[in-house]
Amino acid sequence: MHIAEGFLPVAHCVAWGIASAPFVIHGARAVIQESTKNPESKLLLAAAGAFTFVLSAIKLPSVTGSSSHPTGTGAGAILFKPPVMAFLGTVVLLFQALLLAHGGLTTLGANVFSMAIAGPWAAYAVWRLVRVGKGPMELGVFLAMAVADLVTYCVTSLQLALAYPDPNLLGALAKFAGVFALTQIPLALMEGLVGVLLFRFLVKVAAPELARRGLINTAQKEAAHA
Amino acid sequence: MAHMTALDDAAWQGPWRRVRVGEKVVLSVALLTTALVAPPWPGCALVAMACLVLICGPAHVPPRTLRLAMAAPLPFLVIGGVTVAVVLGGTPTATALFTWGPLWADPATVTKGITVFSRGVAGTLSIMLLATTTPMVDLLTWLRHLRVPAALVEIASLTYRLLFVLLSSALAIRAAQTARLGRPTLATAATAMGALLVRSWTRASRLQAGLEGRGYVDDLTTLAVARRASPTFMATTALVLAGIWLAVVAVSVL
């Protein structure tokens, strides 16, 4: 759910840009450090960014009849951690604005805050919580991916409500959240389910890569190989 | 794939490819700023008209490309505009055009909705002017000249280069699934995503190995095409903007 170009007042564009900047700078620093330490990781990070962008080409069945596509921010947060996703998400949103006309440049700060910061951080928090509580990987993945989408949608609704608050902010929030709930809530649940199937597939075909990232333990890796 | 690369294809093929990136950025950002701050009538209408004339005229972008590109943001702008026009809660004013339960709208809220929609359309067209005339590679090279850290521009450049490889893989996967009469289901979407992720890792590792074999150490610097400043382009930019702002001032005075 991208806020289109020109949709937010100038003051809001600036405010969301300022709010996003520290996270993006922190992510950019993490990326620079990582690429200085391991120059080969640059290509893997680029591949992660390209993967997130190309997810727009994969169709999901949609409850409302329209075609939807996964956002991949939850999966990205689990695989690459939220700071890296803040930077990669910014690059992807910039590319989406200039190559697909999804989102915009003045609304980049607001879109980065909802899709590349709030969503991934919430997803990662849920993922860590489930893993620390010894919950199954599938549950963690489902909740992380669904929460990433839901938080993105809630934050976007809040951004729109703050920009156009009607007589009261709560009414505006309910209005925007209600309008987009029709597509966003089913999409979040759908992406959670797709995430579970995706990680099951990855455990089968890319177990060493997942183990290297600490997402599965050695026993799971050997079981996948067996 | 065509619709996902349509804007980039137009940017590579258009005659404005030869214009300096900075000059196109100035034009696009100035129009965008006008769309955001000028009164919607006649400001946004004139910005939208100027963008349409420039894109389909001197920039030689096929109208079909523009129509395809606008298909993505338009539904959001329409739904968003209507949502802004309708108020939830509060007491309807005496001039309310309709009330339906807690929902109502009056001329002031409808004007606000139309204003938001107009700014959105004009702003999107302003950015489309840059997107359809400037390939991403040129923009990234321009960012490098603006001293954006090399490592960041490098990752963005590599991401851009890998996009097309992965995009064709994604579409090949989808075509293969369709050819086997597969409908879009959760399982096919998950398998496609998984196959794509694994393929992106493999491609990245192979690219890394290939580049290291050619002495790749820190960044893939490419030669930038030298472009001369175009006084005509800058004069046209100034004229277009001056015309729009003169019309805005004239309408507000009258």
*Which entries in the list A:37/A:81; A:37/B:24; A:81/A:134; A:175/B:112; A:81/A:204 go over 25 Å, if you measure between the two C-alpha atoms of each?*
A:37/B:24
*How much net charge surrounds residue B:132 when only the other residues with a Cβ under 11 Å from the Cβ of residue B:132 are counted, with Lys and Arg +1 and Asp and Glu -1?*
0
*Calculated from DSSP H runs of 4 or more alone, at -39500 (n - 2.57) each and per residue, what is the 222 nm mean residue ellipticity of the protein assembly as shown, nearest 500?*
-23500 deg cm²/dmol
*FRET efficiency, residue A:11 to residue A:139 (Cβ-Cβ, R0 41 Å, nearest 0.05)*: 0.50
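Could you give the accessible area per residue of chain A, probe 1.4 Å, as a whole number in Å²?
37 Å²
Rounded to the nearest 20 debye, what is the charge dipole size of chain B about its Cα centre when +1 sits on each Lys and Arg Cβ and -1 on each Asp and Glu Cβ?
580 debye
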*Size of the dipole of the protein assembly as shown about the Cα centre, Lys and Arg at +1 and Asp and Glu at -1 on the beta carbon, nothing else charged, in debye to 20?*
900 debye
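Total Å² of accessible surface buried at the B-A contact, 1.4 Å probe, nearest 100?
Roughly 6200 Å² of accessible surface disappears when B and A pair.
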*Treating cross-link reach as a plain straight distance, find the aspartates and glutamates whose alpha-carbon is under 12 Å from the alpha-carbon of residue A:42, omitting any fewer than eight places away in the same chain.*
A:34, B:154, B:218, B:219
_Listed residues B:137, B:222, B:152: farthest to the positive end of the dipole of segment B:116-242 (Cβ charges)_ = B:137
*Farthest positive-ward along the protein assembly as shown dipole, Cα basis, beta-carbon charges - from A:122, A:177, B:237*: A:122
*asked:* Can you compute the radius of gyration and Dmax for the protein assembly as shown, using only the Cα atoms, both in Å?
replied: 23.1, 81
*Positive end of the charge dipole of segment B:1-88 (Lys, Arg +1 and Asp, Glu -1 on Cβ, about the Cα centre): tell me which of B:61, B:37, B:72 has its Cα farthest that way.*
B:61
*Spin-label model distance (nm) - residue B:103 vs residue B:253, 7 Å beyond Cα toward Cβ*: 4.4 nm
*About its Cα centre, what dipole magnitude does segment B:1-97 give when the only charges are +1 on Lys and Arg Cβ and -1 on Asp and Glu Cβ, stated in debye to the nearest 20?*
220 debye
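The values are calculated or read from the model by the stated rules, or taken from the named source; none is laboratory data. Remember, it's a predicted structure, so these values are computed and weren't measured experimentally. No Cβ is skipped: glycine too gets one built from the backbone with ideal geometry, and neighbour counts run over all protein chains shown. Surface areas here come from the heavy atoms of the whole protein model, side chains and all, with no ligands, DNA or RNA. Shrake-Rupley method; radii C 1.70, N 1.55, O 1.52, S 1.80 Å.
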